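This report concerns only the one structure given below.
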Amino acid sequence: MDAINPSTIKTINIIKEENKNVIKIVTKEASEKASLLIPDDAEIFINNKKATKKELDNLDNSTIERMDVNKTKSRKTVVKVTTKNNK
């Protein structure tokens, strides 16, 4: 943790599980790179509603319950996000 510059941190999530606690740190750089991996022409759905890449980028990572990325037969990328409050 001492090696991480606090100004580079985008989010910190603490996940409590039965036998352990997990601290997940996402840096601003990693967050930006992850966004670049999703093609601009991808179909994006947040809680089954069509969304834009910008809406996906603005979504707080700590609210995401599940994210599925699939390729269709026509090689189109489809991203489906389910947030925790929409289980």
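The values are calculated or read from the model by the stated rules, or taken from the named source; none is laboratory data. The structure presented is a predicted model; accordingly, all values stated were derived computationally and were not measured. All Cβ positions, even for glycine, are placed from backbone atoms using ideal geometry, and neighbour counts span all protein chains on display.
Filter the range 44-87 for residues that are in contact with a Ser or Thr (Cβ under 7 Å, 6 or more places away or on another chain) and charged (D, E, K, R); which is farthest from I9 (Cα to Cα)? Filtering first and then ranking leaves K71.
Residue count for the range 44-68 satisfying the condition of being surrounded by 13 or more Cβ atoms within 10 Å (Cβ to Cβ), under 21 Å from K24 (Cα atoms) and touching a residue at least 24 places away in the same chain (Cβ under 8 Å): 4.
Taking the range 33-43 only, how many residues are touching a Ser or Thr at 6+ places or on another chain (Cβ under 8 Å) and either over 25 Å from I9 (Cα atoms) or among the aliphatic types (A, V, I, L, M) (or both)?
Matching residues across the range 33-43 total 4.
Residues in the range 13-29 that are under 17 Å from D57 (Cβ atoms) and either in the same structural domain as L59 (by TED's automatic domain parsing) or among the aliphatic types (A, V, I, L, M) (or both): V26 only.
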